[in-house]
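Below you'll find the structure, written out as structure tokens, and then a few comments.
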Amino acid sequence: MTAKNFLTAALLAIGVVAARGEETKTLSLSEARDITVKNHPKITAAELIALASKQAVREAQSTYYPNIVASATAVDATAENTRIAAGGLNNPVIFTREGDGVNIVQIITDFGRTINLSASFKLHAQAEAQNALATRAEILLALDAAYFEALQAQSVLEVAKQTIATRQLTFDQINELAKNQLRSGLDVSFASVNLNEGKLLLASARNDLRAAFERLSNLLGDRERRTYQLLEVATNSAPIPDDVQLVQTALSNRPELLQLRLERDASLRFARAERDLNYPTVSAIGSAGVVPLHDSSMRDNYAAAGVNLSLPIFDGFLFSAREQEAKLKARAVGENLRDAEDNVIRDVRIAALNLSYAAERVTLTAQLLDSANQAFELAQARKNVGSISIVELSQAQLNETEAQIAAARAKYEYQIRQSVLNFQLGQLR
């Protein structure tokens, strides 16, 4: 594209934006990523769930601390030493009194249940943190795709504008020659068809660009309709490592796999905690307080302490069923992990193949564009001396336009495929 044509296209784009009253925002890929990480609701929701899962660890560890309850009781009996005649095996004597005290219960040991529960919840919290990273990576991959698709749409739009300018010039020249009886009406019709095809291409390119901006705005969390001036991203043309290295990297880094491994370990620790329900629980119990108002048979204060041993004997097979359920779920998570690893190996290899093909397309489309440009230059030269038909000239124009669009698409398709491979390797964060 010549400097004159580029300036014309830029002024036309600015005029369209001004007419619509839309704000144009300059945006780089790194800025877009920062905005998305900050604003996207799915990323925020995953991070909040990860934070919430940490509270389950504190819930499990609460058993390590004493349970302290303050109590105040006031009783007005209808008669001295009133007794309850029915309703339980507790002491039925009721005295008129007012008492205040503290009750303390402290678990001495539950033979590993609390330890295993705490470890299980810690692993689950770590798994949720990995899930937040996986969600973030998925959104960033979608953002990269939207960003490069918008850049591609911008490039196609520029090609369409240049095509319109070239075909309009050709139409005007052919039309003028026809007026002077140097070209036929058929030639004018062909030139008109070419011009209208260019206008259709321009309309389609504008629509594609607006749709790309809408997808980009959605990922940025921006509900306003905006037009972006996107900055180009340098193409990384480093050689692709071999499949073995790529697979090893993915199996080590993918947050989804790390999440499943942590969930498997958490399930195993939870199964051990369920097994520990069959063991006894030893607790220390203490109670102390004052009785400022009381019957004459009662003291002014009280205190007591003791140790309680709780040993399960028969629970209707509840604990064994819970243990077996937890073990089976842990095995299911392990199978899901194996399936996920197989899928990651497949996806990494496909992503590497697609990136290699995209790199080959960049080279081939560059060669195609160079050939199409040369052919169009020759066609124009022959048109100036009148030794080419309008059909041949139209075909040369069409070939150049298609080659320009193919080159633009190949460039940004390569960058999208690079982001996909980074995602598959667990490096897009």
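The values are calculated or read from the model by the stated rules, or taken from the named source; none is laboratory data. This one's a predicted model, so the numbers in the text were calculated from it and none came from an experiment. Note that we place each Cβ from the backbone using ideal geometry, even for glycine, and neighbour counts take in every protein chain shown.
Could you check, for the stretch 216-233, whether at least one of its residues is of a type in the set (D, E, K, R), farther than 30 Å from Asn308 by Cα and touching a Gly at 6+ places or on another chain (Cβ under 9 Å)? No; the residues of the stretch 216-233 include none that is of a type in the set (D, E, K, R), farther than 30 Å from Asn308 by Cα and touching a Gly at 6+ places or on another chain (Cβ under 9 Å).
Tell me, which residue of the stretch 178-231 that is of a type in the set (Asp, Glu) and not in a helix (DSSP H, G or I) is surrounded by the fewest Cβ atoms within 10 Å (Cβ to Cβ)? Can you show your working first?
The first filter runs over the stretch 178-231 and keeps only residues of a type in the set (Asp, Glu), leaving 187, 197, 208, 214, 222, 224.
Retained after the next criterion (residues that are not in a helix (DSSP H, G or I)): 222, 224.
Numbers: Asp222: 15, Glu224: 8.
By that ranking, first place goes to Glu224.
Would you call Leu230 under 26 Å from Asn131 (Cβ atoms) and of a type in the set (A, V, I, L, M)? It would help to see each step written out before you state the result.
Numbers: under 26 Å from Asn131 (Cβ atoms): no; of a type in the set (A, V, I, L, M): yes.
So Leu230 fails the test.
Is it true that Gln248 is crowded, with 20+ Cβ neighbours inside 10 Å, polar (S, T, N, Q) and modelled with pLDDT of 95 or more? Before you say what the answer is, go through the steps one by one.
Values: crowded, with 20+ Cβ neighbours inside 10 Å: no; polar (S, T, N, Q): yes; modelled with pLDDT of 95 or more: yes.
It is false that Gln248 is crowded, with 20+ Cβ neighbours inside 10 Å, polar (S, T, N, Q) and modelled with pLDDT of 95 or more.
Checked against (1) within 30 Å of Thr135 (Cβ to Cβ); (2) assigned to a helix (DSSP H, G or I); (3) β-branched (Val, Ile, Thr), Thr166 passes all but a single condition, namely (1). Within the stretch 380-429, the residues that satisfy the criterion of being under 20 Å from Asp370 (Cα atoms) and among the aromatic types (Phe, Trp, Tyr) are Tyr412, Tyr414. If you filter the stretch 368-417 down to residues that are of a type in the set (Ser, Thr, Tyr) and in a helix (DSSP H, G or I), you find that the one that is surrounded by the most Cβ atoms within 10 Å (Cβ to Cβ) is Tyr412.
Residues are listed down the side, and each one gets a yes or a no for (1) on the phi > 0 side of the Ramachandran plot; (2) surrounded by 14 or more Cβ atoms within 10 Å (Cβ to Cβ):
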site: Leu268; (1), (2): no, yes
site: Thr281; (1), (2): no, yes
site: Ser287; (1), (2): no, yes
site: Ser296; (1), (2): no, no
site: Phe317; (1), (2): yes, no
site: Ser320; (1), (2): no, yes
site: Ala326; (1), (2): no, yes
site: Glu341; (1), (2): no, yes
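Step by step: first the residues of the stretch 47-106, then only those that are in a strand (DSSP E or B) and among the hydroxyl-bearing types (Ser, Thr, Tyr), then the one that is modelled with the lowest pLDDT. Which residue is that?
Going through the stretch 47-106, the residues in a strand (DSSP E or B) turn out to be 67-75, 82-83, 93-94, 97-106.
Of the ones still in play, those that are also among the hydroxyl-bearing types (Ser, Thr, Tyr) are 71, 73, 82.
Values: Ser71: 91, Thr73: 87, Thr82: 66.
Out of the qualifying residues, it is Thr82.
Of all residues in the stretch 279-314, exactly one satisfies the criterion of being in contact with a helix residue (DSSP H, G or I) (Cβ under 8 Å, 6 or more places away or on another chain) and not hydroxyl-bearing (Ser, Thr, Tyr), namely Pro312. Cβ-Cβ distances below 8 Å connect the following pairs, each with a first residue in the stretch 286-297 that is over 9 Å from Asp100 (Cα atoms), a second residue that is acidic (Asp, Glu), and a separation of six or more residues or different chains: Leu293/Glu98; His294/Glu98; His294/Asp300; Asp295/Glu80.
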